[in-house]
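Please read the structure below before turning to the comments.
The values are calculated or read from the model by the stated rules, or taken from the named source; none is laboratory data. The model shown is predicted, which means the values in this text are computed figures rather than measured ones. Cβ coordinates were reconstructed from backbone atoms using ideal geometry, including for glycine residues, and neighbour counts include every protein chain displayed.
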Amino acid sequence: MKRALTVFLGLSAVAAVAYFTFSHWAIRHETLSFYDEARKRPIAVYLAVRRDAEMKAEAGLSTLPVAIVSHGNTVKNTEYSFLANVLAARGYLVASIQHDLPTDAPLMTHQGSLYVGRLAVYERGEKNIFFAVNQLKKIVPSADYEHLTLVGHSNGGDISMFFAQQHPALVRRVVTLDNLRVPFVTSGFAKILSFRSKDPHFKTDPGVLPDPNVAKQAGIEIVDTGAQHTEMSDRGPDSVKARIQSTLDQFLSEDANSRIGPVDTRRLNADPSAMGP
């Protein structure tokens, strides 16, 4: 009995050391600074990728699926690590794009106009995504840029849905967190998951959310979180982020082609600086 206990404790200690070592090194975070010469515009991209998946792809043994994350208005592209960690744990190359610059005009709302006067903002986001993807192809060629997963919060969710409308052949999934302006794509070309808030200050425009029967037929999953609109980033409470992470992980796990099991992201440090370069 004593020997069995000793062996058990020894194995537990080894497992604990292995777990914390793996947790620290599991996901690589990096910020890249690009410059779009044609538009005279800097574009920062925050990357997250699971290290073992990256090495496997570099060896030519697999291809990394790609997820593009688009931030909400006044939120930075680095403030969605709770989403990036889940996606990276599932084997994705995650690229979170900084769409807005301090020199950009403030986001405006014009009732009665197309997308409440924000069409130019969505078109800018569309160009940013294409530019970032083209740059990443040079750096990480072993990734699938032809079947994107688009993830976006608020205005970033609208950018994601707009891109999916314009380029359906390039989009495999869309995940939005309370997008309010751009109507959902209901053609069924891609799987869609949307987290909705319960916030009197942020109302979804009429016609954005599909009819429940249409949503069911199109395979669109709509999740009422009960959270505030502004809580759907790293700034939000852990309870809200944990529920979103769990649902997102389940959504991703339904992919029959996903051959990489998840890392336990609950124990990963959310601070990118603590995750390595």
**Message:** Of the conditions (1) part of a helix (DSSP H, G or I); (2) modelled with pLDDT of 95 or more; (3) of a type in the set (S, T, N, Q), Thr78 satisfies every one except a single condition; which number is it?
**Reply:** (1)
**Item:** Extreme residue, farthest from the chain's Cα centre (by Cα), among residues of the range 103-116 that are on the phi > 0 side of the Ramachandran plot and assigned to a helix (DSSP H, G or I)
**Value:** Val116
**Asked** Restricting the search to the range 158-194, which residues are out of contact with any Asp or Glu (no Cβ under 6 Å at 6 or more places or on another chain) and basic (Lys, Arg)?
**Response** Arg172, Arg173, Lys191
